1. What list of ³J(HN,Hα) couplings, whole Hz, do you get for the stretch 257-269 from phi and the Karplus terms 6.51, -1.76, 1.60, once you set θ to phi - 60° and write x for glycine and proline?
2. Once both labels are modelled 7 Å past Cα along the beta-carbon direction, what's the E289-A254 spacing in nm?
3. State the extension gain, in nm to one decimal, for the chain segment bounded by E144 and T225, taking 0.36 nm per residue of separation less the distance between their alpha-carbons.
4. Out of (i) 36.4; (ii) 23.6; (iii) 22.6, which label holds the value of Kirkwood radius over Cα pairs in Å that was computed here?
5. Would you kindly state how much longer the chain becomes between T57 and Q281 on full extension, computed as 0.36 nm times their sequence separation minus their alpha carbon distance, in nm to one decimal?
6. Positive end of the dipole of the chain, charges at C-beta (+1 Lys, Arg; -1 Asp, Glu), about the Cα centre: which of T171, I246, V89 has its Cα farthest in that direction?
7. Amide H neighbours of F153 under 5 Å, at least 5 residues apart or on other chains, H built in the peptide plane: list them.
8. Compute the signed sum of charges (Lys and Arg +1, Asp and Glu -1) over the other residues within less than 9 Å, Cβ to Cβ, of T319.
Amino acid sequence: MNGVRSTVLRVLLAVGLSFALWSFVSFSENPEETARFEDLNLQIVGLADNLIIVDATGLPTTTFPTVDVTLRTDRRQRSELRPVDIRVVADLTDLGPGDHLVPINVQPTRSNLSFSVPSGGVEPAAISVRLEPIETITVPINLEIFGSPPFSFERGTPEVRYNGEPISSVTVSGPQSRVARVVAARTVANIAQLRATYIAPLSLTPIDANNQPVEGVQVRPASITVIIPINPVVGLRLVPVSPVVIGTPAPGFAVTGIEVEPPLITLTGSSGPLDAISLLQTEAIDINEARETVVRIVPLIIPSGTSPAQGEPDAVQVTINIAPISLPFQVRLPVEVVFVGLSRDLQASLRPNVVEMTFTGTSDQLNALASTPLVAQLDLSNFGPGTYQFTVRPTLPNGVSIVGDPPEVTVTIVPIPTPTPTPEPEPSPEVEPTPTPTPDTG
């Protein structure tokens with residue numbers, strides 16, 4: 001019995017000595033070292049969906065202190081260790097509302113990495129965290145209107161819309177202590193001196209009972225559209241000016257725009273005549289044959305029973321912008337067909353000898369083309385007797401072209417007939433004259 005016990009003790013002693021020897025050799029070849037990493041970003045995990053982290057004032061926060069970490073590992077792993085190989089974590093799992101001191105844990109990001117954290121190796125070792133429930137409430141929209149329309153105009157009933165639909169309230173969400181302070185969502189519209197309806201997208205600001213903004217909460221929707229009608233009072237009417245333009249610009253030119261200054265005129269008068277007016281016309285402006293922009297000061301035609309309000313002009317400046325037309329025109333013109341080069345012993349006939357063709361180009365080019373007769377020549381130098389089809393292609397100036405397929409003419413060439421000789425009459429035989437007897441006078 002004593003022999004067995006002695007044997008077991010000797011075996012245990014041998015194993016211990018072997019392990020000690022192995023540890024000594026391993027430590028000598030790959031000794032243990034420390035590594036320090038500073039300013040590591042802290043990661044928060046495990047936060048419940050219905051909670052939010054706030055600072056001492058109750059504002060939501062995502063700012064946390066950086067962490068310094070000292071690790072203990074062997075020399076081989078120390079040479080390969082980088083800040084991305086570790087992460088520092090504060091785990092909020094199962095934590096409820098209130099203040100908590102949460103320890104900071106150090107974890108490897110690679111499975112083949114091993115290290116230990118010595119005492120005092122994490123600075124700070126824990127952080128204070130305040131958690132609050134997330135709350136959502138509905139509050140009314142407060143529209144504050146500053147300024148007033150000018151004299152003779154009045155403000156109508158404001159409208160507040162979102163996505164084209166009326167809206168009177170919005171939702172506010174955030175930390176419970178902050179949301180509890182919100183009583184409304186405020187927006188401000190300035191209509192000072194406006195003469196037309198106010199339409200604008202405006203943002204919403206959550207406010208407390210003292211009309212002060214409340215930070216740290218979210219408003220949904222964050223902006224709305226405000227419409228405030230601005231209308232003239234009875235006896236006054238704001239009317240657009242419509243200039244009367246007569247005549248047409250020169251060929252190749254067109255009106256590209258008309259500007260009026262001022263574009264609106266306030267009329268005063270009784271409600272009947274004012275209600276019948278939709279626009280104010282000017283005296284006629286003649287732009288016949290104009291080739292450049294026309295600027296005129298023209299009187300207004302004021303309808304009976306009305307007059308311009310105090311301070312309004314009785315004439316306006318009208319600018320009529322005139323520019324060349326860049327688009328091509330088309331015109332159909334007759335073209336005379338003639339031939340050249342025909343042999344002297346041949347004669348030709350054309351059918352037809354005048355064709356009509358459509359040409360395209362600018363107005364000036366076509367006017368120049370139409371001012372002189374158009375002639376198309378056919379060269380018959382190499383043609384003998386027979387009937388031929390020719391395509392008519394007149395010589396055209398640059399920028400002018402034919403629209404569609406050119407027309408064809410038929411040319412018939414025949415020899416000039418040889419004249420039949422006329423026989424000359426034979427001369428008559430000469431007859432000697434008969435002497436006339438002379439009477440005897442002796």
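The values are calculated or read from the model by the stated rules, or taken from the named source; none is laboratory data. Since we're looking at a predicted model, the values are computed, not measured. Note that we place each Cβ from the backbone using ideal geometry, even for glycine, and neighbour counts take in every protein chain shown. These accessible areas exclude ligands, DNA and RNA; they are computed on the full protein's heavy atoms, side chains included. Shrake-Rupley method; radii C 1.70, N 1.55, O 1.52, S 1.80 Å.
1. Karplus values, whole Hz, x for Gly and Pro: x, 10, 10, 10, 9, x, x, 10, 10, 8, 9, 10, x.
2. Going from the E289 label point to the A254 one covers 2.3 nm.
3. Details: separation 81, 0.36 × 81 = 29.16 nm, distance 1.35 nm.
Here the answer is 27.8 nm.
4. Computed from these coordinates, Kirkwood radius over Cα pairs in Å corresponds to label (i).
5. Extra length available between T57 and Q281 comes to 74.1 nm.
6. So the residue furthest toward the plus end is V89.
7. Amide H neighbours of F153, under 5 Å, 5+ apart: V233.
8. Details: positive: R296; negative: E259, E261.
Local charge sum for T319: -1.
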